[in-house]
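Undergrad: Attaching a single structure in structure tokens format; questions to follow.
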Amino acid sequence: MADTAKPVRRVLGLSGGKDSAALAIYLKEQGRVPEMEYFFCDTGAELPEVYSFIDRLEDYLGKEVERLNSGQDFDHHLKRFGGYLPSSQQRWCTREMKIEPFERFIGKDEAISYIGIRADENREGYLSTKKNIKPAFPFIHDGIVRDDVFRILEESVGMPEYYRWRKRSGCYFCFFQQRQEWLGLRREHPHLFEAAKGYESEKDGYTWVRGLTLDELVARAERFDTKDFDKHAQNRTWQEILRQDCEDDDLEEQACLICSL
């Protein structure tokens, strides 16, 4: 009798960040996983540059990137959680809008999830609690480090444009943004900055920046330089500045990796 067992699925989640993109390109160019499935968990509130970069990646990879979502928008989930904004202590947005759609996408199938953590990093990323989903870390196995990631992208699709002013992909109102990044959002996408302000509640103390509303942040903006790239420019491109001057986040500042890797 013929074996009708379903083959193990090979999947790679694209967040819109540099590392997952570089991993997809790296594996494609090596031809190691021709049956790879690519997916992108879309909250409906990603940066415009993220959507553009996913489209660019899709063209380069020559294969459809499956767009996953929770079936409901952020406002629906926010109402479910009593208007309580997500935070580093309450990351319900990641669970509801990234992890659960991914696990539904896999279902009960046996799957290997390829994760773009590099050999020069000390972190695990999102590891599914589902026994049928196993992680794989090709960059760690092959000794791929940060400079290699930049090289891979520079030789293919380039860097995502949001890196000109922000260190991470993900939602435009991501609570992991630093103050300079919030001001960058105001400069680059003022309508999204205004939309983020609309979620804050001074009465309940729900703000994106701990102890500070976005209006208060803007009022203090003159106290610090909001164009870090400019002051270090010295006739370099923003890609060169990002590579040479801007380190990845410290462990305690790292966003959810399924969102930003």
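Undergrad: In whole Hz, with x marking every Gly and Pro, tabulate ³J(HN,Hα) for the stretch 174-186 from phi via Karplus 6.51 cos²θ - 1.76 cosθ + 1.60, θ = phi - 60°.
TA: 3J(HN,Hα) across the stretch 174-186, in whole Hz: 3, 6, 7, 4, 7, 4, 4, 6, 4, 5, x, 4, 4.
Undergrad: Check which residues have an amide H placed less than 5 Å from I112's amide H, if you skip close sequence neighbours.
TA: R9, R10, V11, K134
Undergrad: Rank G71, Q30, L61 by how far each Cα sits towards the positive end of the charge dipole of the stretch 1-73 (+1 on Lys, Arg Cβ; -1 on Asp, Glu Cβ) and give me just the farthest.
TA: Q30
Undergrad: Long-range amide H contacts for R91: which residues qualify at under 5 Å (H placed 1.01 Å from N, peptide plane, sequence gap of 5 or more or a different chain)?
TA: none
Undergrad: Residues with amide H under 5 Å of D42's amide H, sequence separation 5 or more or different chain, H placed in the peptide plane at 1.01 Å from N; which?
TA: Residues meeting the amide H criterion: L68, N69.
Undergrad: Is any residue of the stretch 96-123 close enough, with backbone N under 14 Å, to a label point placed 7 angstrom from the Cα of K131 along the Cα-Cβ axis, and if so, which?
TA: Output list for this probe position: 108-111.
Undergrad: Could you run the Karplus curve 6.51 cos²θ - 1.76 cosθ + 1.60 with θ = phi - 60° over the stretch 15-30 and give me ³J(HN,Hα) per residue in whole Hz, x for Gly and Pro?
TA: 8, x, x, 6, 6, 5, 5, 4, 5, 4, 5, 4, 5, 4, 5, 7
Undergrad: Arranged from highest to lowest average of other beta-carbon atoms within 10 Å per residue, in what order do the peptides 48-57, 161-170 appear?
TA: Final packing ranking: 161-170, 48-57.
Since every read-out is calculated from the coordinates, none of them should be taken as a lab result. Since the model is a prediction, treat every value here as computed from it, not as a measurement. Heads up, the Cβs are rebuilt from the backbone with ideal geometry, glycines too, and the neighbour counts pull from every protein chain shown.
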